[in-house]
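Worksheet: the structure to be examined is printed underneath.
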Amino acid sequence: MTYHSRRLLDARIPFEILCGTWSEILMMQAQAALREFMPRPPESPMASDDEERRDD
């Protein structure tokens, strides 16, 4: 058994307890963390035009 697989097995029971007792909070935090990894939509050309006008 590798180091990482052993760590995952050790975390299983505490994770199940956490999911059972604080599931709403866990899901909110997980969603917030995952948002950081989601690709951002490209900026619209209109938004960059507005910024150029403000610089003048």
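Look at region 7-18: where a residue is at positive phi, no partner that is basic (Lys, Arg) and loosely packed, with under 10 Cβ neighbours inside 10 Å sits 6+ places away or on another chain with Cβ atoms under 9 Å. Filtering the chain to residues that are at pLDDT below 90, assigned to a loop (DSSP other than H, G, I, E, B) and of a type outside the set (Gly, Ala, Ser) leaves 1, 22, 36, 37, 38, 39, 40, 41, 42, 43, 56.
The values are calculated or read from the model by the stated rules, or taken from the named source; none is laboratory data. Predicted, not measured: the structure shown is a model, and the values here were computed from it. So basically every Cβ, Gly included, is an ideal-geometry build from the backbone, and we count neighbours across all protein chains shown.
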